[in-house]
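The values are calculated or read from the model by the stated rules, or taken from the named source; none is laboratory data. Since the structure is predicted, the reported quantities are computational estimates derived from the model, not experimental observations. Cβ placement follows ideal geometry from the backbone for every residue including glycine, while neighbour counts extend to all protein chains displayed.
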């Protein structure tokens, strides 16, 4: 039997690529922009729904292209309101996303890879190793699926996207950039750049390129101020040591009044002393930034412990005394293995898991 040609997944294409695709089918460029507006409209799952396209062209699209989506999701809810989603990919691998609802926003923590090659010693995702990069479609479909889930349950639309899930986003650079283009395109998912944050452990060349190609927010996982400690915690430091990383942050191109967010996970007896706080203040002096502190979340078989709350507050106060804006991130989803550093595609409690199929859909006009 002759093998059928593989269809082009339109969710892998940004607007420019969609235009090129329709032109390859003999259509004018504006058809690509039309299709993009349809793809991300709630409830649109079939080319037959794209009523302003000629019937003949819709038939051509059905033969040559597809619009992927996650057919089924695992959903588990935390007692603190966080919701973990598990998505099984076509090759059987599982990725996770975490919805963090708050009074004034709905933030989705998105994965960019299956596993992670960075090997950070306090992170469970790193312990599972690296399997592969996600495609653009697999990144974007996390947002589409959770957006639909929240709207169907009257929880409002997603407002913020953070690339802080499984994987190092900048190690999947091309697909990350394509996904950001779709997320921020008005005809796409229409998120503001200022509502999207990309976190990195410190891939300096890709970080600088991110600043050149986008206006999204940058978060840098620092976690230590000297090379000896940071290299133990984060092997990437051996390639891009602290001095190189901080110099890159000083040179990073960003819009006026934007500040880099430095993430600092406090590990008891490792990086949480008064001296560590003073060294952090000295390191970041005169660099426009904010500091996000997080007490380490428990990870199975880890030697690291979370410091006492009083110690976290003291660390924060020392930094504030030096004039820094310092936030303490409250851990969310710890009871369902959904907190920072806990995502590994495992740890699902089958007695609590809900199965949700995207066939439970929203109509194209936004109604259930």
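Worth pointing out:
- As a summary of the residue check, residue 180 satisfies the conditions (1) more than 24 Å from residue 35 (Cα to Cα); (2) free of Cβ contacts under 8 Å to residues at least 60 places away in the same chain; (3) buried (at least 19 other Cβ atoms within 10 Å of the Cβ); (4) in contact with a strand residue (DSSP E or B) (Cβ under 7 Å, 6 or more places away or on another chain) except for the one numbered (1).
- Any chance residue 121 is surrounded by fewer than 20 Cβ atoms within 10 Å (Cβ to Cβ) and assigned to a loop (DSSP other than H, G, I, E, B): yes
- Of 68, 73, all but one fail to be buried (at least 16 other Cβ atoms within 10 Å of the Cβ), farther than 21 Å from residue 154 by Cβ and either within 22 Å of the chain's Cα centre (by Cα) or modelled with pLDDT under 95 (or both); the exception is 68.
- Condition check for residue 85: more than 21 Å from residue 190 (Cα to Cα) and modelled with pLDDT under 95: yes
- Segment 212-239: number of residues that are farther than 20 Å from residue 278 by Cβ and buried (at least 18 other Cβ atoms within 10 Å of the Cβ): 9
- Test set (1) in the same structural domain as residue 230 (by TED's automatic domain parsing); (2) more than 18 Å from residue 354 (Cβ to Cβ); (3) outside any strand (DSSP E or B); (4) out of contact with any helix residue (DSSP H, G or I) (no Cβ under 9 Å at 6 or more places or on another chain) - residue 56 fails condition number: (1)
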